[in-house]
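In what follows, a single structure is set out as structure tokens and then discussed.
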Amino acid sequence: MLFLDTSALLAAQIEAPARAVALDALASDGAAAAASAVALAEALAAIDRMTDEPILRADLEDGVRRLWDHLHIVTLSPQLLEAAAALCRQQPLRLQHALHLASATLLPPPTRFVTFDPAQIPVALSLGLDVVSL
């Protein structure tokens with residue numbers, strides 16, 4: 001299974017080297033793709049920090065929402081919140097990163113974790129996730 005964090009969800013929408021990596025991962029993976037339930041809210045909030053242009057904001061949001069419609073969403077549950085809290089206690093992670101990582105570990109292995117956030121990569125590897133990044 002393929003798991004996209006917020007950075008990957010956004011990268012699939014913008015013209016940058018990370019876009020090709022994200023789109024290649026989505027195209028080459030025969031399994032379903034997933035994301036944490038928090039990724040949509042995080043991505044939509046980030047769009048406003050990415051550009052001041054209303055048309056570009058709308059295009060980015062449309063792209064994120066179109067991709068979102070094709071993803072399996074890992075919902076927030078007591079089990080997920082406990083796992084994220086444990087990760088925050090063990091690793092130098094922010095809560096939103098821990099939520100993505102904990103969500104990915106709840107999926108059936110092997111899981112490919114797509115991220116462009118360097119803080120998540122070593123933790124993802126330590127959790128046994130296959131990291132896809134630049």
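The residue of region 33-53 that is modelled with the highest pLDDT, among those that are surrounded by 12 or more Cβ atoms within 10 Å (Cβ to Cβ) and in a loop (DSSP other than H, G, I, E, B), is Ala37.
One line per residue, one yes/no per condition, for (1) modelled with pLDDT of 95 or more; (2) out of contact with any Cys (no Cβ under 7 Å at 6 or more places or on another chain); (3) under 20 Å from Leu129 (Cβ atoms):
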position: Phe3; (1), (2), (3): yes, yes, yes
position: Pro17; (1), (2), (3): no, yes, no
position: Ser28; (1), (2), (3): no, yes, yes
position: Thr111; (1), (2), (3): no, yes, yes
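Within region 75-95, none of the residues are of a type in the set (Val, Ile, Thr), under 12 Å from the mean Cα position of the chain (by Cα) and at pLDDT 95 or above.
Checking every residue in region 89-98 against the condition of being surrounded by fewer than 12 Cβ atoms within 10 Å (Cβ to Cβ) and either over 27 Å from Ala16 (Cβ atoms) or in contact with a helix residue (DSSP H, G or I) (Cβ under 6 Å, 6 or more places away or on another chain) (or both) gives at least one match. Please tell me if Asp69 is within 20 Å of Leu2 (Cβ to Cβ), of a type outside the set (A, V, I, L, M) and surrounded by fewer than 18 Cβ atoms within 10 Å (Cβ to Cβ). Yes. Scoring Gln79 on the criteria (1) in contact (Cβ under 8 Å) with a residue 24 or more places away in the chain; (2) more than 23 Å from Pro17 (Cα to Cα); (3) surrounded by 12 or more Cβ atoms within 10 Å (Cβ to Cβ) leaves a single failure, condition (3).
The values are calculated or read from the model by the stated rules, or taken from the named source; none is laboratory data. In this text the structure is predicted, and so the values were computed from the model without any measurement. We place every Cβ from the backbone using ideal geometry, glycine too, and count neighbours over all the protein chains shown.
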